[in-house]
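The values are calculated or read from the model by the stated rules, or taken from the named source; none is laboratory data. It should be emphasised that the depicted structure is a prediction, and the values quoted were computed from it without experimental measurement. Every residue, glycine among them, receives a Cβ derived from its backbone with ideal geometry; neighbour counts consider all protein chains shown.
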Amino acid sequence: MNHHLTETRFKDFDLDPSIIKGLDEAGFEFCTPIQEQSIPIALTGKDVAGEAQTGTGKTAAFMVACLNHLIKKPSHETRQKNEIRTMVLAPTRELAIQIHKDASIIGKYTGLTVGLAYGGTDYDKQRNILEEGVDILIGTPGRTIDFFKQRVFSLKKCEVVILDEADRMFDLGFIDDMRYLLRRCPDPDKRLSLLFSATLSHRVGELAYVHMNDPAEIRVQAETKTADKIEQSIYYPANEEKIPLLLGLMDKIKPTRSIVFINTKRVADKVYAWLEGNGYKSALLSGDVPQKKRQSLLKKFQDGEFSTLVATDVAARGLHIPEVSHVFNFDLPQSGEDYVHRIGRTARAGASGSAISFACEDYAHYIMDIEEYIDQKIDKESVTSDLLTKPKPPIKMERRPRPGNRPGGGPNRPGQGGGRSGGGKHHGGHRGNRSGRGQSGGNRGSHGGGHSGRGN
């Protein structure tokens, strides 16, 4: 049996047959630990605050409980069309889309309707669906508030509130938005509230205390913060060795599906150009990519049309991309938490995987914080001459000048990997780590994933 799963089956719970049918059709039989522990509590109507690693099945845990709650408690006769029954808040568009997909699959036979609210695209389409009336609204905070203030939907009869990746909400500066919406829901003792987070930190606990009704705390963590089946290694290349090393490792390893994480959009463009120029069919996922194209690229990557995804941290959390064999940290992230979330894109659902990191001149100082956070030393590998490929030229990238930016920065060189421009500073969405290198969570616009302002 898959070690990621327990011996508890979904059908062991007192779930409505329509939900069981959706789960069966989706191939869900056995529960993960977070599902096994949280679902029976939520089914009794008690609030849950759950802590679990990424990729452990949190979405199915809260969606099963939510759907069952709504079915067992039929909609009030006086409920108006614009009065939603459930609000699900997620920190990123990609996660909101993924939750909507999972909800649609699990709830296929329940008769409950689901709507989406996220920034970047489909404004009128989303609004029209919500105006028709939905049971469950899944959205990012900014767009959700936008529609709420326009009275597209009402929270007066909201029976279930779900906060997913609550710690990430803080990181991206959405705490005020969350509190605004939560204050407009019925009182905590008059609704079911489910909160899930990678960490139940002090600030998340405070949020739960104020806006939830004495939640049961559930913590499901492996002995280490990183998945046991992830083989981790680290190289210490010079800046000019990063591109030759990446290409050399890919030539040697021949990963079936890999994600290359970069700290800044500028460097992501360059790495993508080098990969494409050297025969690696790649997709580029960053904050500058329009939403529709982003969704299309993710689907193509999932379907195997691209073998490599070059991404800033927009893709680091919440996305369910199956069968990623390798994660490359071309740039080290500035916190241990971000490291865990990045490498968690591989070895999902009990599979094995590899995470290879480059500690270059610009980012090597983050390694101490990372190793302290994961409470283990990462295996050090040598940068040998046989691993350093002589790369073919990169493809030429079309550049659209941004307001206030200087024109493009000269020819691409293999050495422009980490960048001397303090790339870590652009990773502004994250809170400060132990060494104080992070920046304010409220600085949404500078985050690598491009979550700017109320567009989310």
> If ALA49 passes every condition in (1) part of a helix (DSSP H, G or I); (2) aliphatic (A, V, I, L, M); (3) touching a strand residue (DSSP E or B) at 6+ places or on another chain (Cβ under 8 Å) but one, which one does it miss?
Replying inline: (1)
> Between residues in the stretch 358-381 that are without any contact (Cβ under 8 Å) to a residue 40 or more places away in the chain and residues that are surrounded by 21 or more Cβ atoms within 10 Å (Cβ to Cβ) and assigned to a strand (DSSP E or B), which pairs lie under 9 Å by C-beta distance while being six or more apart or on different chains?
Replying inline: ILE370/SER357
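So which residues in the stretch 299-313 are buried (at least 22 other Cβ atoms within 10 Å of the Cβ) and modelled with pLDDT under 85, if there are any at all?
Listed by number, the list holds a single entry, ASP313.
Listed here are the residues, each with its yes/no results for (1) within 21 Å of PHE301 (Cβ to Cβ); (2) assigned by TED's automatic domain parsing to the domain that holds GLY279; (3) at pLDDT 90 or above.
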{"site": "VAL324", "(1), (2), (3)": "yes, yes, no"}
{"site": "VAL327", "(1), (2), (3)": "yes, yes, yes"}
{"site": "LEU332", "(1), (2), (3)": "no, yes, yes"}
{"site": "GLY353", "(1), (2), (3)": "yes, yes, no"}
{"site": "ASP375", "(1), (2), (3)": "no, yes, no"}
{"site": "THR384", "(1), (2), (3)": "no, yes, yes"}
{"site": "PRO394", "(1), (2), (3)": "yes, yes, yes"}
{"site": "MET397", "(1), (2), (3)": "yes, yes, no"}
> Does ALA283 satisfy the criteria of being at negative phi, small (Gly, Ala, Ser) and touching a strand residue (DSSP E or B) at 6+ places or on another chain (Cβ under 8 Å)?
Replying inline: yes
>> Considering only the stretch 125-145, I want to know if a residue exists there that is closer than 30 Å to HIS341 by Cα and without any contact (Cβ under 8 Å) to a residue 40 or more places away in the chain.
In response: yes
> In the stretch 200-221, what residues are touching a residue at least 60 places away in the same chain (Cβ under 8 Å), surrounded by fewer than 21 Cβ atoms within 10 Å (Cβ to Cβ) and small (Gly, Ala, Ser)?
Replying inline: GLY205, ALA216
> When residues of the stretch 341-355 are filtered for being aliphatic (A, V, I, L, M) and crowded, with 24+ Cβ neighbours inside 10 Å, how many remain?
Replying inline: 2
>> Looking for something surrounded by fewer than 16 Cβ atoms within 10 Å (Cβ to Cβ), at positive phi and outside any strand (DSSP E or B) - is there at least one such residue anywhere in the stretch 150-157?
In response: yes
> Among the residues of the stretch 103-123, which ones are surrounded by 20 or more Cβ atoms within 10 Å (Cβ to Cβ) and either assigned by TED's automatic domain parsing to the domain that holds SER286 or part of a helix (DSSP H, G or I) (or both)?
Replying inline: ALA103, ILE106
>> Filter the stretch 356-373 down to the residues that are surrounded by 18 or more Cβ atoms within 10 Å (Cβ to Cβ) and closer than 19 Å to ARG345 by Cα and list them by number.
In response: ILE356, SER357, PHE358, ILE370, TYR373
> If GLN126 passes every condition in (1) assigned to a loop (DSSP other than H, G, I, E, B); (2) within 29 Å of THR312 (Cβ to Cβ) but one, which one does it miss?
Replying inline: (1)
> Taking the stretch 16-44, which residues are without any contact (Cβ under 8 Å) to a residue 24 or more places away in the chain and in contact with a Lys or Arg (Cβ under 7 Å, 6 or more places away or on another chain)?
Replying inline: ILE20, GLU29
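Within the stretch 166-182, track down each residue that is part of a helix (DSSP H, G or I) and within 18 Å of the chain's Cα centre (by Cα).
Of everything in the stretch 166-182, those that are part of a helix (DSSP H, G or I) and within 18 Å of the chain's Cα centre (by Cα) turn out to be ALA166, ASP167, ARG168, MET169, PHE170, ASP171, ILE175, MET178.
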